[in-house]
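FYI, it's all coordinate maths here, none of it is from the lab. Computed from a prediction, not measured in an experiment: that's the story for all the values here. With ideal geometry, Cβ positions are generated from the backbone for all residues, glycine too; neighbour counts draw on all protein chains shown.
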């Protein structure tokens with residue numbers, strides 16, 4: 001019913017063997033999970049396949065948006081938009097004309113207000 005007790009040397013050998021198996025399994029796992037190295041190796045071996053696959057994917061991406069889209073235009077609403085656009089253009093033109101005419105007056109006011117503070121200058125009597 002009870003197992004025979006193993007000697008200490010046998011236990012040490014079994015532990016060492018277990019450690020070796022664990023190290024081998026970890027190395028294998030690292031090799032399997034090293035995806036960048038696998039891609040580099042695959043690219044070296046099958047360069048033509050990788051380049052043609054990349055070109056095919058690039059062509060698909062470039063040609064995908066070339067399908068024509070249908071755009072529906074409401075012609076009744078267009079007249080209102082044109083009228084608003086015309087009003088905005090006229091308002092901007094009028095504002096530009098007013099600012100061009102008022103610029104000399106504004107500049108004279110600023111010059112008199114801030115630069116010539118009235119009275120005599122301090123250096124001269």
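Quick notes on this one:
- Working from label points 7 Å from Cα in the Cα-to-Cβ sense, the residue 83 to residue 25 distance is 8.2 nm.
- Kirkwood hydrodynamic radius of the stretch 8-52, from the reciprocal of the average inverse Cα-Cα distance over all distinct pairs: 13.2 Å.
- Here the stretch 78-117 was treated as a single set of alpha-carbon atoms; its pair distances binned every 5 Å from 0 give 5, 22, 13, 13, 12, 9, 8, 7, 5, 4, 1, 0 percent.
- On full extension, the segment bounded by residue 62 and residue 34 gains 6.9 nm, given 0.36 nm per residue less the C-alpha separation.
- Counting all C-alpha pairs of the stretch 21-74, share separated by more than 18 Å (%): 63 percent
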